[in-house]
Amino acid sequence: MPERPDLDYVVPRLHDELAGRRIVGMRVRKPVVLRAPSDVTGLIHAVRRLAHCVVFELDEHDLVVSPMLAGRFQIDGKATADLAVAWQLDDGRELRYRDDVQMGKVYLLPRGGRPPGLERIGVDVLGPAFTREHLRSVAKGRREQVKLFLMDKSALDAMGNAYADEVLWEARLHPKRPVRELSPQELDQLHDAIVSVLDGAARTIRERAPPLPEKLRDFLHVRGRSGQACDRCGTVLRTLGVLGHDAFFCPQCQPDPKARGLVDWRKVPPR
């Protein structure tokens, strides 16, 4: 899934390229992703981020794309087999949404509308309102494991699997720690890690300026690196399951006080 740092790079580029252009046609290759009419047209007034969605503001509606696991955007370029939907522009170019697993969704909503699951969105974790005090307030009374808390977009805007792992590694917190067990000091560590990891990743992606469809992950410390040495202490990184999600972590830097079930990294398929 494109996450916050990816979208902080992609969305401004899409806005610069597309604001003021008009959608004049549409072709659909993978109709399973559509939750919108197949004949959307209109002037693109702006492109903005909504949690992990990309919103194209049209005349009276918002075209909202939720890329989910594998979605990505492309403007013109070489044709690809994973094309899901393409919108023809008035300057002869095409905006293409690619999705090889067809998990993403494309919605046409009233202006300001939100797709299912995003009726409530938490505070922007890179905005001025996200303080240590705010995180402590949001965390109060939460009973789930900390990785799931980080991924809850109604609480925090916004993290997915990859950056939740990176944040927890930076904060030295085990993914299965219940939020209610975190001390005030650990919550402060978590706050600071959220800001530093997401801001640092966004800066890295902007500086490297990859092609629009490319998702950079090679600079991450733990995600996808089971069986490799921890960049901080050299311990072999492991993975475990967190209620349907996988979590990559360092057992030395992120100890589990209750030794909750680890997964042998040697039995995890390569990613």
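Give me a comma-separated list of calculated 3J(HN,Hα) values for the range 236-247, in order, Karplus coefficients 6.51, -1.76, 1.60 applied at θ = phi - 60°, integers in Hz, x for any Gly or Pro.
5, 6, 10, 9, 8, x, 10, 6, x, 10, 8, 9
In nm, give the distance between the simple-model label positions of residue 140 and residue 29, each being 7 Å from the Cα along the Cα-to-Cβ direction.
5.1
Rg (Å, one decimal) plus Dmax (Å, integer) for the alpha carbons of the range 123-267?
So, for the range 123-267, Rg and Dmax equal 14.9, 44 Å respectively.
If you project the alpha carbons of the chain onto the principal axes, what extent comes out on each, in Å, largest first?
Cα extents, longest axis first: 58, 39, 33 Å.
Do you know the relative contact order of the range 111-210, to the nearest whole percent, from alpha carbon pairs under 8 angstrom that are 6+ apart?
30
Roughly how big is the chain's charge dipole about its Cα centre, with Cβ charges of +1 (Lys, Arg) and -1 (Asp, Glu), in debye to the nearest 20?
840
Please state the shape class of the range 4-110: rounded when a/c is under 1.5, otherwise prolate if a/b exceeds b/c and oblate if not, all from the C-alpha gyration tensor.
Rounded, since a/c falls under 1.5.
I need to check one value: relative contact order of the chain, counting alpha carbon pairs closer than 8 Å and at least 6 residues apart, in percent.
It rounds to 16 percent for the chain.
So which trypsin sites (Lys or Arg not before Pro) in the range 58-97 end up in coil per DSSP with only 13 or fewer other C-beta atoms within 10 Å?
Answer by residue number: 78.
Taking just the alpha-carbon atoms of the range 1-48, what radius of gyration and Dmax come out, in angstrom?
Spelled out, the Cα radius of gyration and Dmax of the range 1-48 are 12.8, 31 Å.
Laboratory data are not the source of any read-out in this text; all were calculated from the coordinates shown. The structure presented is a predicted model; accordingly, all values stated were derived computationally and were not measured. Glycine also receives a Cβ, built like all others from the backbone with ideal geometry; neighbour counts cover every protein chain displayed.
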